[in-house]
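The values are calculated or read from the model by the stated rules, or taken from the named source; none is laboratory data. Keep in mind that what you see is a predicted model, and the values were worked out from it rather than measured. Don't worry about glycine lacking a Cβ; one is built from the backbone with ideal geometry, like all the others, and counts go over all protein chains shown. Note: areas computed on protein heavy atoms with side chains; ligands, DNA, RNA excluded. Shrake-Rupley method; radii C 1.70, N 1.55, O 1.52, S 1.80 Å.
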Amino acid sequence: MELEHINKIKISVRTLVEFILRSGDLDNRTGGRRDTEAMQEGSRIHRKIQKKMGSNYSAEFSLSITIPISRDEVEFEICVEGRADGIISQPEEEPTVVIDEIKGVYMELSHLEAPVPIHRAQAMCYAYIYAKQYDYDNIGIRMTYCNLETENTKYFDETFTFPELEQWFLGLIDEYGKWAAWQNRWSIKRNDSIRALEFPFPYRPGQKELVTDVYKTIIRDKRLFIEAPTGVGKTISTIYPTIKAMGEGITSKIFYLTAKTITRTVVEETFQHLIEKGLHLKSVTITAKEKVCILDKPDCNPIACMRAKGHFNRVNDAVFDLLNSENEISRDFILSYAEKHNVCPFEMCLDVTNWADSIICDYNYVFDPNVYLRRFFLADKKNDYVFLIDEAHNLVERAREMYSAVLNKNQFLRVKRLVKDKGTKLEKRLEACNSDLLKLKRECDGCKVIENITDFVLHLMRLMTEYEEFLQEHSNLDGKEDILQLYMDIRHFLNMYEIHNEKYITYTDYDEQDEFRIKLLCMDPSENLHACLEKGKSAIFFSATLLPIIYYKEQLGGREGDYAVYAPSPFDKDNRIIMIGKDVSTKYTRRNDAEYQKIVDYISAFTSAKKGNYMVFFPSYQMLNQVAELAQALLDGLVVQKNNMTEMEKENFLQDFTAEPEQSRVGFCVMGGIFSEGIDLKNDRLIGVVIVGTGLPMICNERELFRGFYDEKNRRGFDYAYLYQGMNKVLQSAGRVIRTMGDKGAILLLDERFQQTQYTNLFPKEWFPNITVNRETMKTELYDFWNNQEL
Ligand code: SF4
């Protein structure tokens, strides 16, 4: 739903019917979307059917209607809009016009005895709008269901009189009216408060320019890429101008997207701070289902969970109650209103997003084809949303994962065993896919790029039809998690196959457990991300480490004419020293005791120059442990990061990093791990960081495929596959030191490669000048640096 200007509320036909007419249980036992249409394949079928229909068929027909409303002492208009799949004109028959609604499904059509009510309601809305607009007394609707595998179709036809449709449609609008009236009143209050809102802090150097850049980007419908070092205040610098744009009716919804939960707290605090300054704004954070579920582990169906039973009958009342009773929408309020109305807190939270001005959530909810918020992004339509994408360097790898798909051969065998004697047809189709994979396995000598998998995909599609049937009939089975997992993996695989293009590679190899797999690997996610970003108005990507910015702009869907800015660091250069150890290497060929001893000597001298807390970042746990063994006797207060630390262990680890400690503390951590990004040891709680090695990822089949792909494309295979990711980890790890204006700290880069132009080109501006040292000169440099700080 979108507020066009203060008196007009826009809603799509689909959203309207899904919102008002839903009822019944939440039930994920059958894969979540059993009855509704398949996604990507569905659009292919739409196009195919529409093409076949001839000259009396108008495909993708845009329709809209505006209805004046007077309610709860406010007057406004509701605009309902959408695109009918097709309008059939048949002058010789009755009715002379039929609205066609097409749905592609995996299910066997003989099991479909009536149209899905929500689909029928969509067609009825279009029929009403069309009949009203073109003055028809009678009008038909046709639900066209098409099986995606067989392409068989089944039709459901009905004819309505105009008064019948009008009564039904106005009833729908009347029900929606109370929500729209709330939205209208709230928007007026919110926008009044925004007009009075001022930037809540004194501007730091360069911050005002940044705020202006963000604002201009939004009003010009552009995308902006910001490299903003720590201390710039990027959260408020992006949120404030976006809120200002909202107050002027330029955007109706802000999506603040993060890669990690920890970042979300800072964002919530920023919104809260503005609210304390007088802003009226409803902001909601989407918390992972596992964290808000009332069960130990989500099992969303009416048998396992009392909240799932009848959830849709109650959830609208729960949301309306919350919106009308509370000013803020915190997680605690969502939990308590979900309890009061006996609904699922996670699903309720998703519904609250419809009414919130800002949504703080993981990248997944916008970009992941399996998780994205269908309510906002399903329709192929540009909205006025603004995306604020924090720590955007993470999105490249995350997006590649989201748009890639993998299937393991063993999954098919496992499920085949689980469904034995219960679904003969399903067993057969699983076997057909397994045979395809077996053939591919015989041809694979370690790693093999595959040019054509059409036959395998055809078998997967046949399998999906059978799977649908099977899941409908057997909702409670032993091993249901494995059965459902394979179903969802295949669905994702088929969806990615549907969109795969020359930026994908299909290959087979063996995973870490030596299991054979086939993978559709997305080499460049820019087009996929661009398609998502096109659903909004503007996007601001920002990070402390977005170098080289041209690479991130290219990979993250930047277009010609989009902007990139570098925000200068507000910190005093004299507060830090950056040194490169020139006589040490971490190359695989040079990893030996002598080299490790040098590293220990460096660390020991570096951390004994001044009492305080230090972190040393290694490229792997293996190297970390080997160096830790040698360093044990030499280093005071050595603590070591362990693999898979819990939240509690992580907190305990950081707890002793206090300002001005009695004894030094040296934390050995891994680059790219939980301590190298997102931790904020402010106010001299960390005074030095040592980076051991260049952070390059391990060589593996996938990385080598990337290297080959980009070598062919732009001769920068090594940079794209290894260097940029490695240096990003280096910069993130080094960024743990000096977090505030008053902090002072030292950074030591231990690898001779850091002197090469290839690497120094990726240093941020604030890393110049830097000093090249050996173990002896480093001591002198450090001595001078720390002495100067005390003067
Ligand atoms: S409370 Fe948990 S199990 Fe129940 S519907 Fe919600 S997420 Fe699913």
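Among the residues of segment 117-157, those identified as out of contact with any helix residue (DSSP H, G or I) (no Cβ under 8 Å at 6 or more places or on another chain) and closer than 20 Å to Glu93 by Cβ are Ala123, Tyr130, Tyr134, Asp135, Tyr155, Asp157. Regarding segment 350-357, can at least one residue be identified that is away from the ligand (no atom under 13 Å from the Cβ), open to solvent by less than 40 Å² (accessible area, probe 1.4 Å), under 30 Å from Arg47 (Cβ atoms) and in contact (Cβ under 8 Å) with a residue 24 or more places away in the chain? Yes; the residues of segment 350-357 include at least one that is away from the ligand (no atom under 13 Å from the Cβ), open to solvent by less than 40 Å² (accessible area, probe 1.4 Å), under 30 Å from Arg47 (Cβ atoms) and in contact (Cβ under 8 Å) with a residue 24 or more places away in the chain. The residues of segment 250-272 that are part of a helix (DSSP H, G or I) and surrounded by fewer than 23 Cβ atoms within 10 Å (Cβ to Cβ), listed by number, are Thr261, Ile262, Thr263, Arg264, Thr265, Val266, Val267, Glu268, Glu269, Thr270, Gln272. Where strands (runs of 3 or more DSSP E) fall wholly inside segment 1-119, the ranges with 2 or more residues that are loosely packed, with under 15 Cβ neighbours inside 10 Å, more than 31 Å from the chain's Cα centre (by Cα) and modelled with pLDDT of 90 or more are 57-71.
Look at segment 533-559: where a residue is within 25 Å of Gly233 (Cβ to Cβ) and a partner is of a type in the set (Val, Ile, Thr) and in a loop (DSSP other than H, G, I, E, B), sitting 6+ places away or on another chain with Cβ atoms under 7 Å, you get Lys537/Thr251; Ala544/Thr230.
Can you name the residue in segment 396-454 that is within 30 Å of Val366 (Cβ to Cβ) and of a type in the set (Val, Ile, Thr) and, of all such residues, is surrounded by the most Cβ atoms within 10 Å (Cβ to Cβ)?
Among those residues, the one meeting the criterion is Val396.
Filtered by the rule that a residue be closer than 23 Å to Glu175 by Cβ, open to solvent by 30 Å² or more (accessible area, probe 1.4 Å) and either in contact (Cβ under 8 Å) with a residue 24 or more places away in the chain or within 11 Å of the ligand (Cβ to nearest atom) (or both), segment 320-347 gives Phe320, Asn324, His341, Asn342, Glu347.
Here's the yes/no breakdown for (1) hydrophobic (A, V, I, L, M, F, W, C); (2) within 30 Å of Ser475 (Cβ to Cβ); (3) crowded, with 20+ Cβ neighbours inside 10 Å; (4) within 16 Å of the ligand (Cβ to nearest atom):
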residue	(1), (2), (3), (4)
Phe199	yes, no, no, no
Glu209	no, no, no, no
Leu224	yes, no, yes, no
Glu248	no, no, no, no
Leu274	yes, no, yes, no
Leu295	yes, yes, no, yes
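Flag: Phe312 matches the condition of being within 14 Å of the ligand (Cβ to nearest atom), part of a helix (DSSP H, G or I) and aromatic (Phe, Trp, Tyr).
For every residue, the table says whether it meets (1) small (Gly, Ala, Ser); (2) in contact (Cβ under 8 Å) with a residue 60 or more places away in the chain.
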{"residue": "Lys582", "(1), (2)": "no, yes"}
{"residue": "Tyr588", "(1), (2)": "no, no"}
{"residue": "Glu595", "(1), (2)": "no, no"}
{"residue": "Gln626", "(1), (2)": "no, no"}
{"residue": "Ala631", "(1), (2)": "yes, no"}
{"residue": "Leu638", "(1), (2)": "no, no"}
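Checking the conditions here, which among Asp317, Asp299 is farther than 30 Å from Ile239 by Cβ and more than 14 Å from the ligand (Cβ to nearest atom)? The match here is Asp317.
Tell me, which strands (runs of 3 or more DSSP E) wholly within segment 683-791 include 2 or more residues that are small (Gly, Ala, Ser) and buried (at least 20 other Cβ atoms within 10 Å of the Cβ)?
Once the strands (runs of 3 or more DSSP E) in segment 683-791 are filtered for at least 2 residues that are small (Gly, Ala, Ser) and buried (at least 20 other Cβ atoms within 10 Å of the Cβ), what remains is 745-750.
A count restricted to segment 395-433 and to residues that are of a type in the set (Val, Ile, Thr) and modelled with pLDDT of 95 or more stands at 3. Taken as a whole, the condition of being at pLDDT 95 or above, of a type in the set (A, V, I, L, M, F, W, C) and closer than 30 Å to Ile550 by Cβ applies to Ala392.
If you go through segment 276-293, how many residues are near the ligand (Cβ under 6 Å from one of its atoms) and not in a helix (DSSP H, G or I)?
1
Do we find a residue being touching a Pro at 6+ places or on another chain (Cβ under 9 Å) and away from the ligand (no atom under 12 Å from the Cβ) anywhere in segment 362-370? Within segment 362-370, one or more residues are touching a Pro at 6+ places or on another chain (Cβ under 9 Å) and away from the ligand (no atom under 12 Å from the Cβ).
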